[in-house]
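*Asks:* I'd like to ask some things about the structure below.
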Amino acid sequence: MYELSFAGFSQSFRTMLEVLNFFDNNALSASLDPADVSLTIFGHPVSVTRFNGRLTVRTPGTVSSIFLSLIDEIDGAYFRPAFAAPQPWRIHREHWQLLYLAFDLARKPLYLFSSDQVAQANEEASRSGHRGLDLFELLQQETERRFGFRYAGPG
């Protein structure tokens, strides 16, 4: 559980994508200094920073593992709780929107990751014979593996 607090405000979120959605769509966050924002997951601090005028987070690790952990969270919380896949029409609209937020973020890696993390990911991709980091394709493959569909959703 993520706990976000600042200046008399406190809210819990089940997933990091919900935190990022809050940062992106809440007028309160636009004027905040990242130093005044506290974000924790199960009591452990998460670094909040500002990138291109928007609050975001920075976490240690590899780009692909961090990015896939975002999908792990919404998968376990909303898509396949108790490891059973619900019918797509039973998934709430706001939870589908979290998945599509992940697809949007796949096109903006510097919003989520430091330039060092992105450089390392590009280097690793090059060594594997790829042109560079492609989070969108990684997410396409992951959603197809987990849910049986790609960006356009279930057929």
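*Asks:* In what order do Asp36, Asp116 fall by count of nearby beta-carbon atoms within 10 Å, going from fewest to most?
*Replies:* Numbers: Asp36 11, Asp116 8.
With the fewest neighbours first, Asp36, Asp116 line up as Asp116, Asp36.
*Asks:* If I stretch the segment between Ile41 and Trp89 completely, what's the gain in nm (0.36 nm per residue apart, minus their alpha carbon distance), one decimal?
*Replies:* Numbers: separation 48, 0.36 × 48 = 17.28 nm, distance 3.01 nm.
The Ile41-Trp89 span can extend by a further 14.3 nm.
*Asks:* Please order Met1, Met16 by the number of other Cβ within 10 Å, starting at the fewest.
*Replies:* Final ranking by Cβ density, sparse to dense: Met1, Met16.
*Asks:* What length, rounded to one decimal in nm, is gained on full extension from Glu144 through to Tyr100, with 0.36 nm per residue of separation minus their alpha-carbon distance? Display every interim value, and only then the final one.
*Replies:* On the way: separation 44, 0.36 × 44 = 15.84 nm, distance 1.39 nm.
Here the segment from Glu144 to Tyr100 would lengthen by 14.5 nm.
*Asks:* Considering only DSSP states other than H, G, I, E and B, which trypsin sites (Lys or Arg not before Pro) in region 52-117 qualify as loop sites with at most 13 other Cβ atoms within 10 Å? Numbers along the way, then the final one.
*Replies:* Numbers: sites: Arg54, Arg58, Arg90, Arg93, Arg107; in loops: Arg107.
The qualifying sites are Arg107.
*Asks:* Would you mind telling me which residue in Gly76, Gly132, Gly43 has the biggest mean-square fluctuation in a Gaussian network model of the chain, where springs connect alpha carbons within a distance under 10 angstrom?
*Replies:* The residue that fluctuates most here is Gly43.
*Asks:* How far apart, in nm, are two points set 7 Å out from the Cα along the Cα-to-Cβ line at Tyr111 and at Thr62?
*Replies:* With each label placed 7 Å out from Cα toward Cβ, I get 2.4 nm.
*Asks:* Using Cα-Cα distances under 8 Å and only pairs 6 or more residues apart, what relative contact order does the chain have, in percent? Could you put the intermediate results ahead of the total?
*Replies:* Values: 178 pairs, mean separation 27.2, N = 155.
Averaging sequence separation for qualifying contacts and normalising by length gives 18 percent for the chain.
*Asks:* What is the spin-label model distance, in nm, from Glu137 to Asn52 if the labels are put 7 Å beyond Cα along the C-beta direction?
*Replies:* Here the modelled spin labels are 2.2 nm apart.
*Asks:* With runs of 4+ DSSP H residues as the only contributors, calculate the mean residue ellipticity of the chain at 222 nm using -39,500 (n - 2.57) per run, divided by the residue total and rounded to the nearest 500. The partial results should precede the final answer.
*Replies:* Working: 7 runs with 70 residues, N = 155.
It lands at -13500 deg cm²/dmol.
*Asks:* Which one of Gln117, Gln140, Gln11 has the biggest mean-square fluctuation once the chain is modelled by GNM with Cα springs under 10 Å?
*Replies:* Gln11
*Asks:* Continuing with this model, one more query. What list do you get for Leu4, Leu133 if you sort them by fewest beta carbons within 10 Å? Don't jump to the answer; show the numbers that get you there.
*Replies:* Working: Leu4 21, Leu133 24.
Final ranking by Cβ density, sparse to dense: Leu4, Leu133.
*Asks:* Okay, moving on. Once you've got the GNM for the chain with C-alpha springs shorter than 10 Å, pick whichever of Ser128, Ser114, Ser47 has the biggest mean-square fluctuation.
*Replies:* Answer for the Gaussian network model of the chain: Ser128.
*Asks:* Now for a different question. Go through region 1-44 and name the chymotrypsin sites (Phe, Trp or Tyr not before Pro) that are in a DSSP coil and have 16 or fewer other Cβ atoms within 10 Å of their Cβ. Don't skip to the end; give the middle numbers.
*Replies:* On the way: sites: Tyr2, Phe6, Phe9, Phe13, Phe22, Phe23, Phe42; in loops: Phe42.
Answer by residue number: Phe42.
*Asks:* Quick one: what do you get for the chain if you divide its Cα Rg by 2.2 N^0.38 Å? Provide the component values of the computation, followed by the final result.
*Replies:* Working: Rg = 16.0 Å, N = 155, 2.2 N^0.38 = 15.0 Å.
Relative to the rule-of-thumb radius for its length, the chain sits at 1.07.
The numbers here are math on the coordinates, done by the rules we state, and not lab data. For clarity, every value in this text was computed on a predicted model and none was experimentally measured. Glycine also receives a Cβ, built like all others from the backbone with ideal geometry; neighbour counts cover every protein chain displayed.
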